[in-house]
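Below: one structure, written as structure tokens.
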Amino acid sequence: MVPVKRRLGLLQAAMPLAIALLAAISASAQMAPTRTWEELKQETQRRVDKNLTPMSGLKSEDAREALSNIHSLDRDEWAASWSAIAERYEKRAETEDAAKNNDAARDDYFWAFRYYTAARWPTPNSSGKQKAYQNALAAFRNYGRYLNPPLEIVHVPFEGKEITVYIRLPKDVKPVPVVFMINGTDSRKEDEVQGRESMFRSGIGVVAIDMPGTGESPIKADVGSERMFSRVLDYLATRPDVDSKRIVAWGVSYGGHWSANLAYVERARLLGAVVQGGPVDDYYTAEWQKKSLGTPEYLFDLFAARAAVYGVTTVDEMLAYGPRLSLKTQGFLGRPAAPMLLVNGAKDTQVPISDLYMLLQSDGPAKWAWVNPDGGHTGRSQEWPNSRIVEEIITPWIKTMLAPASEGNRK
């Protein structure tokens, strides 16, 4: 990859395709009907079998069992059936834990977390899903006891509440440069802090919190909510084991909105920001929201997940609430900022590809861009699953940004 000023001709050449795609998507302003239970059942199993988001990494036989015990679109029925699978793994992990069978306990706590996550997905908007979410947190923290590097949980005071921060730092590097991970609408900090072995092998640590309006975040998404991330940066600056002068933010999906925001607001404290499928401006329009809410790319309950981020309950409330978060409306575009890597798919039906091009072509910092012409949300496709995007596109860029100045050219 090279800075945008060298690649802009190639990217501009791709613009007619992107515009044609957006025109095709714009053909209908009506939300598509939701899936029936039978349709959802088949699609869920298909995604499990083919290792597709959001059901990637689950076992086909477990999914068949869970789905066979669900007979409607009732949220608590969904939560109970997936939770039953999770409880089986959790009980086995507890037995293994007591027997000091550490590897087995670690693996089964992880499976418990994954199935409790399926139970609460995409957002805990019923009593059963709320219980599943709390169980997912407990299972993940038990899993975290066995991680290497270990999982550290910190509670940072914030406006009379607290921000729960996950930190994982390789032990053989001091102070440690870090990636500040920001989750999306239906993912959580637990999803973002696990894995990342390539980072750890390179001496890079990982920090994660729940983005505003999700998980354990103390505030909803609104103008100014980035102050929550700034408070965590303040905290990281107090730690002698963290190199607070070498931090890159990485936001996934809606988290990309916040990493772009931080590239402007915290440019003095960030060496870069990855904006992977993040909303910028067109995403917030009523026209796009009405079209995208029915996209079959999303498994189910997209409106519920989006509404929860803002704390609203109706489509009209959401359509009125969102536009003020536009980076263009807030006056960020064109201002000085940290370098950015912009990543998405041209066929994303959740966040318009026009948002990437708007951010890319705005004045301001050096930008790099990777657009998958066949990719959906966050850039993923059959040829380019998210794991490959992370390994071949995002991680090398982050390593370059975090390298000591003598080892790399960041800007």
Problem - Residue list for region 184-201, filter: assigned to a loop (DSSP other than H, G, I, E, B) and at pLDDT below 95 - result: 194, 195, 196
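Residues checked against (1) buried (at least 18 other Cβ atoms within 10 Å of the Cβ); (2) assigned to a helix (DSSP H, G or I); (3) charged (D, E, K, R):
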position: 324; (1), (2), (3): no, yes, yes
position: 330; (1), (2), (3): no, no, no
position: 333; (1), (2), (3): yes, no, no
position: 336; (1), (2), (3): no, no, no
Fill in the blank from the handout: Checking 248, 280 in turn, the sole residue that is assigned to a strand (DSSP E or B), crowded, with 19+ Cβ neighbours inside 10 Å, among the hydrophobic types (A, V, I, L, M, F, W, C) and in contact (Cβ under 8 Å) with a residue 60 or more places away in the chain turns out to be 248
Problem - Selection status of residue 171, surrounded by fewer than 15 Cβ atoms within 10 Å (Cβ to Cβ), outside any strand (DSSP E or B) and not assigned by TED's automatic domain parsing to the domain that holds residue 204 - result: no
Exercise for the section: Within region 373-393, track down each residue that is under 16 Å from residue 348 (Cβ atoms) and outside any loop (DSSP other than H, G, I, E, B). Expected result: 377, 378, 379, 386, 389, 393
Practice task
Please work out if residue 273 is within 18 Å of residue 394 (Cα to Cα), in a strand (DSSP E or B) and of a type in the set (Gly, Ala, Ser).
Solution key: yes
Handout entry: Residue check, residue 347 assigned to a loop (DSSP other than H, G, I, E, B) and buried (at least 18 other Cβ atoms within 10 Å of the Cβ)
Key = yes
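Condition check ((1) at pLDDT 50 or above; (2) loosely packed, with under 13 Cβ neighbours inside 10 Å) across all residues:
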position: 4; (1), (2): no, no
position: 9; (1), (2): no, yes
position: 14; (1), (2): no, no
position: 21; (1), (2): no, no
position: 35; (1), (2): yes, no
position: 58; (1), (2): yes, no
position: 68; (1), (2): yes, yes
position: 71; (1), (2): yes, yes
position: 76; (1), (2): yes, no
Practice task
Report whether or not residue 148 is surrounded by 19 or more Cβ atoms within 10 Å (Cβ to Cβ) and of a type in the set (S, T, N, Q).
Solution key: no
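The rows are residues; the columns are (1) under 25 Å from residue 281 (Cα atoms); (2) free of Cβ contacts under 8 Å to residues at least 40 places away in the same chain.
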site: 356; (1), (2): yes, no
site: 359; (1), (2): yes, no
site: 366; (1), (2): yes, no
site: 370; (1), (2): yes, no
site: 375; (1), (2): yes, yes
site: 389; (1), (2): yes, no
site: 392; (1), (2): no, yes
site: 395; (1), (2): no, no
Handout entry: All positions within region 132-163 that are assigned to a strand (DSSP E or B) and either without any contact (Cβ under 8 Å) to a residue 60 or more places away in the chain or more than 20 Å from the chain's Cα centre (by Cα) (or both)
Key = 152, 153, 154, 155, 156, 157, 158, 161, 162
Problem - region 352-395: number of residues that are surrounded by fewer than 13 Cβ atoms within 10 Å (Cβ to Cβ) and under 23 Å from residue 202 (Cα atoms) - result: 3
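The values are calculated or read from the model by the stated rules, or taken from the named source; none is laboratory data. Computed from a prediction, not measured in an experiment: that's the story for all the values here. Don't worry about glycine lacking a Cβ; one is built from the backbone with ideal geometry, like all the others, and counts go over all protein chains shown.
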